[in-house]
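> Okay, here's the structure, questions in a sec.
The values are calculated or read from the model by the stated rules, or taken from the named source; none is laboratory data. As the structure is a prediction and not an experimental result, all values here were calculated from the model. Glycine also receives a Cβ, built like all others from the backbone with ideal geometry; neighbour counts cover every protein chain displayed. When the accessible area is computed, the model is the full protein with side chains, heavy atoms only, and any ligands, DNA or RNA have been set aside. Shrake-Rupley method; radii C 1.70, N 1.55, O 1.52, S 1.80 Å.
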Amino acid sequence: GKVTINGGVISSKDFRSLRDFTAGGEIIINGGVFKGQVWMQGLGNGSSSLTINGGEFSPLQGYDGSSVYITNGTNDIIVTINGGKFNTKIGCADVAKAGIKGSVKGGIFTESAKTNTNNALIAEGCAFVETADGYWEIEKSWEKTSETSYTIYSANGMRWLAEQVNSGHETFVGKTIMLGADIDLKNEEWTPIGTETKNFEGNFDGGNKVVKGLKITTHQNTIDEYGIWAYAGLFGVTS
């Protein structure tokens, strides 16, 4: 069936505040405070859906785990997060996220649970990063600002750019990459953007920002026939 929740405080002494146990279930949450895990289980035949437009979500006090948890079995579960405040990341049972469809378009995420939180379903261009005190917060790594432009904010965003190009997924031809912040690569091993066969073909605008902490000690196919390091830099090969 279909359930719509617009407000109120929902809690349970048994860990979960809300659970979809049936096939074809539809839950729409527009607001409210959920003290205990919201669990989409989706058993049987037919896809289930969860849409969250607002509200506050956290595991039950004294329990560890995700504020929202998706069990992705044989049937699709469609997840759409447009807003809300989440005390933990959104957990997913399968590292491959098989059977999960949908998107995370908004929301505020923190991470206070350290175990049994499984894998995060988070917004495009965002990543969970561990803080110095051992907790987690969501970081905006990059965003698509138009059909032909992207802005990068962090080292994770720079690594995303390298992965897109080096995997052959995107050359960025006719598109612009803009830096939106100073970026520290933290002297962690860097894989240059672009290879001999997969070039970066876009426009890169540093916007007067600083990239520091670049370290390259080993890189596949970086030594040419003269024993000279080739294609080793922030960018490997551009076209």
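> Counting just the residues of region 164-192 that are part of a loop (DSSP other than H, G, I, E, B) and aliphatic (A, V, I, L, M), which one comes out farthest from residue 211 (Cα to Cα)?
173
> Counting just the residues of region 74-92 that are farther than 22 Å from residue 33 by Cα and open to solvent by less than 50 Å² (accessible area, probe 1.4 Å), which one comes out modelled with the highest pLDDT?
Per the stated criteria, the residue is 77.
> Just name the residue that is nearest to residue 235 (Cα to Cα) out of those in region 163-212 that are of a type in the set (Val, Ile, Thr) and touching a helix residue (DSSP H, G or I) at 6+ places or on another chain (Cβ under 8 Å).
193
> Within region 146-163, which residues are crowded, with 18+ Cβ neighbours inside 10 Å and assigned to a loop (DSSP other than H, G, I, E, B)?
Matches in region 146-163: 153, 154.
> Of the residues that make up region 2-12, is at least one within 26 Å of the chain's Cα centre (by Cα) and either open to solvent by 70 Å² or more (accessible area, probe 1.4 Å) or among the aliphatic types (A, V, I, L, M) (or both)?
no
> Just the residues that are touching a Gly at 6+ places or on another chain (Cβ under 9 Å), open to solvent by 50 Å² or more (accessible area, probe 1.4 Å) and modelled with pLDDT of 95 or more, please, taken from region 188-213.
Correct list: 201, 203, 209.
> Within region 37-57, count every residue that is under 23 Å from the mean Cα position of the chain (by Cα) and more than 17 Å from residue 79 (Cβ to Cβ).
So the answer is 1.
> Another question about this same structure. Give the residue, chosen from 127, 132, that is at pLDDT below 90 and part of a strand (DSSP E or B).
Answer to the check: 127.
> Can you name every residue in region 170-187 that is of a type in the set (D, E, K, R) and open to solvent by less than 80 Å² (accessible area, probe 1.4 Å)?
Within region 170-187, 170, 175, 184 meet the criteria.
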